[in-house]
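Presented below is the structure to which this report refers.
The values are calculated or read from the model by the stated rules, or taken from the named source; none is laboratory data. Because the structure is predicted, anything quoted here is derived from the model rather than measured. Quick reminder, even Gly has a Cβ in these numbers, built from the backbone with ideal geometry, and neighbours come from all protein chains shown.
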Amino acid sequence: MLNNRPNKSLNPPNPLFQRGNNTLIPFNKGNGSISPFSKIFKGRFFKNKIRKPNIYAGLCNRRGILQYAPTKLHEYLIFSNFSFKKPTPENFSKRGKGDLETNLKSKRQICSVNGIKRFTCIVLVIITVFITGCEKRVKKSQFHFGTITDITAIVKTSADQKAVDLAFDTMKDIDDRMSVYNNNSEVSQINRLAGRSTVKVSNDTLNVTEKALYYSKTSDGMFDITVGPLMDIWGFRNGKNRIPSDVEISKALSLIDYKKVKIDRSGSTVELTSTGMKMDVGAIAVGYAVDKAVNVLKDNGVNKALVNGGGEIYALGSPPGKDAWRIGIQHPRRSNTLLGTIELKDMAVSTSGDYENYFEVNGKRYCHIMNPKTGKPVEGIMSVTVVANTTTEADALSTVLFIMDAKDGMKLAERLDNVECIIVTGSNEKDMKVLVSSGLKDKVQFNN
C-alpha cells in the first residue's frame, strides 16, 4: 500500500484563527525550542512542488537548518490565512514569485484549523527590528525556489534597506532562469531541446552548469544534474510517488550522464546531446543564488546579514553584540528538536536530509535524493550538513556526501580545503550515528 507522509494533527490555539484578523504572536528564540505553530508550516502542503520544504514558524528551514539568532529583541509573526488551488507546473510560477505580502494579498481566506487541506498555506510576514545606535535590524521574506527565502540585515540607511530588495531581485532572476517548474526557464528550454539543439543561456546558467559539472567530476558522477528522468519516474516531479519497475529504472539510467552536457562559453550555449535527457540544477542553484545575493549586499555597503535560501545559508559578518550568527541543525527524526547548533561568520552551511521530501511504502522510506548509479533513492543516510566558504559549495557537497558512502564522504570532506561536515547515518533513531569532521568537533554544540 502506498502512503504519502502522514499528516499529523494541527492544533494551534483556536483564538489565533479568528476570521479576518491578523494576529501578532511572539515566538521562541535561541533556546532550541519551536513554537506551537511549527507543525503548521512544515511544507507538507507544498510537498509535490517544493524542492526541499521544511519551514518552521519564524525559523526558515527547508533543508533541516533552523536559522535563529538569540537577541534581546521581540520578534513577531503576522499570520494571514489563504488557500489556493492545487499547484501544477503551469501555475507554479504564477504562484511562487514576488513579495509575499504583495503577491498574496488578494488570497487571504480563513480555513478551519483541524480541517486544513494539503495545499493550504499560512503567509508569514516576519518583521524584526533591532536598534543599536544608528543600526537597525531588518528581516524580509519572499517566495522563491519553491520555498520561503529570507534576508536578515543590519542596516544604517534607507539605501542599505534597498540593497536587501536588490539582493532579492537577484535571487528571483536566478530562480526564473533555472527552475524546472517554470516552462519558460532556460533549464526547461534546454530539456525540451535535448538531443536536437543548443540553447543560448545567461551567464548565471553557464556558471551554475559549469560548477555542477565540476562537482560531478569531483564525486565521480555521484552528483549528476541529468538526474531528471529518475525524479520523473519516482514521482517526485508530479507528486504521484510510486516505485517504478526495473525496466523503467534501466531506461532512465541510460539517459543519465553528466558527460553529455555540453557547454560553449564563446557562444553562451548549453546542450544535452541525447533526446530524453533532463537536467536539474536545483541541488546547486539555490546556493549560487545566495552567494550572488550576498555579493549584492556587500557591493551596496551591507556587511552584516544572514541570507537564507530556504536552508542554504550564508552568514555575513556577525550581528551586533555577537561574535557570529548561531545556526541550529535539525534532528533528522525529531521534527521539533535540534540536533545541535553552530556559530558561523563569513561562512556558509547547507543540509540535505531524507526527511525533507519522501514517501513510504509498507513502512519503508523513499527519499527524493537519487543515487545516479543505482537509479534508486539513497538509503542509510539521514542527513548531511556541510560548512564551506561559499553557499554554492555547501549546497552541492551536502548532496554529494549524502549520496556517497558515509566513510568515503567523510574522507572527501577531510581532503577538501575549508570544508567540514556532519553526517548522520542509519534509518531510524535507534541505529543513528553522528560522524563529525575534524574541523567541527570542537565547534558544534550537540543537544543531549
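Among the residues in segment 313-327, are any surrounded by 24 or more Cβ atoms within 10 Å (Cβ to Cβ), over 18 Å from the mean Cα position of the chain (by Cα) and free of Cβ contacts under 8 Å to residues at least 60 places away in the same chain?
So far as segment 313-327 goes, yes, one or more of its residues are surrounded by 24 or more Cβ atoms within 10 Å (Cβ to Cβ), over 18 Å from the mean Cα position of the chain (by Cα) and free of Cβ contacts under 8 Å to residues at least 60 places away in the same chain.
Condition test on S254, is it over 19 Å from T273 (Cα atoms) and out of contact with any strand residue (DSSP E or B) (no Cβ under 7 Å at 6 or more places or on another chain)?
Numbers: over 19 Å from T273 (Cα atoms): no; out of contact with any strand residue (DSSP E or B) (no Cβ under 7 Å at 6 or more places or on another chain): yes.
Answer is no for this residue.
Mind checking which residues of segment 379-412 are of a type in the set (D, E, K, R) and either touching a Cys at 6+ places or on another chain (Cβ under 9 Å) or assigned to a helix (DSSP H, G or I) (or both)? Quick ask: steps written out before the conclusion?
At the first step, the residues of segment 379-412 found to be of a type in the set (D, E, K, R) are 379, 393, 395, 405, 407-408, 411.
Across segment 379-412, the qualifying residues are E379, E393, D395, K407, D408, K411.
Can we say G282 is closer than 24 Å to L401 by Cα, touching an Asp or Glu at 6+ places or on another chain (Cβ under 6 Å) and in contact (Cβ under 8 Å) with a residue 24 or more places away in the chain? Spell out the reasoning first.
Details: closer than 24 Å to L401 by Cα: yes; touching an Asp or Glu at 6+ places or on another chain (Cβ under 6 Å): no; in contact (Cβ under 8 Å) with a residue 24 or more places away in the chain: yes.
Criteria not met by G282.
Spot the failing condition for K139; the list is (1) part of a strand (DSSP E or B); (2) charged (D, E, K, R); (3) in contact with a His (Cβ under 8 Å, 6 or more places away or on another chain), and only one is missed.
Condition (3) is where K139 drops out.
With the structure loaded, tell me whether G239 is in a loop (DSSP other than H, G, I, E, B), modelled with pLDDT under 95 and under 30 Å from L412 (Cα atoms) or whether it fails that test. Step through it out loud before you land on a result.
Working: in a loop (DSSP other than H, G, I, E, B): yes; modelled with pLDDT under 95: yes; under 30 Å from L412 (Cα atoms): no.
When the stated conditions are applied, G239 does not pass them.
Of the conditions (1) within 27 Å of L416 (Cβ to Cβ); (2) at pLDDT below 95; (3) in a helix (DSSP H, G or I), G221 satisfies every one except a single condition; which number is it?
That leaves (3) as the condition not met.
Does segment 295-312 hold any residues that are surrounded by fewer than 24 Cβ atoms within 10 Å (Cβ to Cβ) and either closer than 27 Å to G353 by Cα or not β-branched (V, I, T) (or both), and which are they?
N295, K298, D299, N300, G301, N303, K304
Here is a list of conditions, (1) more than 30 Å from E135 (Cα to Cα); (2) without any contact (Cβ under 8 Å) to a residue 60 or more places away in the chain; (3) surrounded by fewer than 18 Cβ atoms within 10 Å (Cβ to Cβ); (4) not hydrophobic (A, V, I, L, M, F, W, C), and S268 meets all of them except one; can you say which number that is?
For S268, the failing item is (2).
Just to be sure before I move on: is K292 of a type in the set (D, E, K, R) and surrounded by 24 or more Cβ atoms within 10 Å (Cβ to Cβ) in the structure I sent?
Numbers: of a type in the set (D, E, K, R): yes; surrounded by 24 or more Cβ atoms within 10 Å (Cβ to Cβ): no.
No; evaluated as a whole, the condition is false for this residue.
Checking D175 against (1) part of a helix (DSSP H, G or I); (2) charged (D, E, K, R); (3) surrounded by fewer than 23 Cβ atoms within 10 Å (Cβ to Cβ): exactly one of these is not met. Which one?
All conditions are met except number (3).
Please verify whether I249 is closer than 24 Å to N371 by Cβ and of a type in the set (A, V, I, L, M, F, W, C), treating the condition exactly as stated.
Here the answer is yes, as I249 does meet what is asked.
Does S202 meet the test of being surrounded by fewer than 20 Cβ atoms within 10 Å (Cβ to Cβ), under 14 Å from A285 (Cβ atoms), in contact (Cβ under 8 Å) with a residue 12 or more places away in the chain and of a type in the set (G, A, S)? Steps first, answer last, please.
Working: surrounded by fewer than 20 Cβ atoms within 10 Å (Cβ to Cβ): yes; under 14 Å from A285 (Cβ atoms): yes; in contact (Cβ under 8 Å) with a residue 12 or more places away in the chain: yes; of a type in the set (G, A, S): yes.
Yes.
Scan segment 355-378 and give yes if some residue there is modelled with pLDDT under 95, assigned to a strand (DSSP E or B) and under 25 Å from L344 (Cβ atoms), otherwise no.
No.
Within segment 378-393, take every residue that is hydrophobic (A, V, I, L, M, F, W, C) and touching a helix residue (DSSP H, G or I) at 6+ places or on another chain (Cβ under 6 Å) and give me the one that is farthest from L440 (Cα to Cα). Write out each step before concluding.
The initial filter retains those residues of segment 378-393 that are hydrophobic (A, V, I, L, M, F, W, C), namely 378, 381-382, 384, 386-388.
Checking which are touching a helix residue (DSSP H, G or I) at 6+ places or on another chain (Cβ under 6 Å) leaves us with 378, 381, 384, 386, 388.
Working: V378: 25, I381: 19, V384: 13, V386: 10, A388: 11 Å.
Step by step, filter segment 378-393, then rank; the result is V378.
In segment 246-354, which strands (runs of 3 or more DSSP E) lie fully inside it and hold 2 or more residues that are small (G, A, S) and within 30 Å of S202 (Cα to Cα)?
Details: elements: 261-264, 269-272, 305-308, 313-316, 325-330, 338-344, 347-353.
Counting at least 2 such residues, we get 347-353.
Within segment 413-448, which residues are in a helix (DSSP H, G or I) and under 23 Å from the mean Cα position of the chain (by Cα)?
Filtering segment 413-448 for residues in a helix (DSSP H, G or I) gives 413-415, 429-431.
Within segment 413-448, just A413 meets the criteria.
Looking at this structure, is K136 out of contact with any Ser or Thr (no Cβ under 9 Å at 6 or more places or on another chain) and touching a residue at least 60 places away in the same chain (Cβ under 8 Å)? Steps first, please.
On the way: out of contact with any Ser or Thr (no Cβ under 9 Å at 6 or more places or on another chain): yes; touching a residue at least 60 places away in the same chain (Cβ under 8 Å): no.
Answer is no for this residue.
Using beta carbons and a limit of 6 Å, which pairs, at least six apart or on different chains, have the first residue in segment 352-376 and on the phi < 0 side of the Ramachandran plot and the second one part of a loop (DSSP other than H, G, I, E, B) and among the polar types (S, T, N, Q)?
E356/N54; F359/N241; H368/N357
With the condition kept exactly as written, say whether any residue in segment 419-437 is hydrophobic (A, V, I, L, M, F, W, C), surrounded by 13 or more Cβ atoms within 10 Å (Cβ to Cβ), under 16 Å from G287 (Cβ atoms) and modelled with pLDDT of 95 or more. Break it down stepwise before answering.
Here is the first cut: in segment 419-437, the ones hydrophobic (A, V, I, L, M, F, W, C) are 419, 421-424, 432, 434-436.
Narrowing further to those that are surrounded by 13 or more Cβ atoms within 10 Å (Cβ to Cβ): 419, 421-424, 432, 434-436.
Next, from what is left, pick out any that are under 16 Å from G287 (Cβ atoms): 419, 421.
Imposing the further condition that a residue be modelled with pLDDT of 95 or more reduces the set to 419, 421.
Checked segment 419-437: at least one residue is hydrophobic (A, V, I, L, M, F, W, C), surrounded by 13 or more Cβ atoms within 10 Å (Cβ to Cβ), under 16 Å from G287 (Cβ atoms) and modelled with pLDDT of 95 or more.
For residues that are surrounded by fewer than 20 Cβ atoms within 10 Å (Cβ to Cβ) and either basic (K, R) or under 11 Å from E312 (Cβ atoms) (or both), tally how many sit in segment 389-410.
Qualifying residue count for the region: 2.
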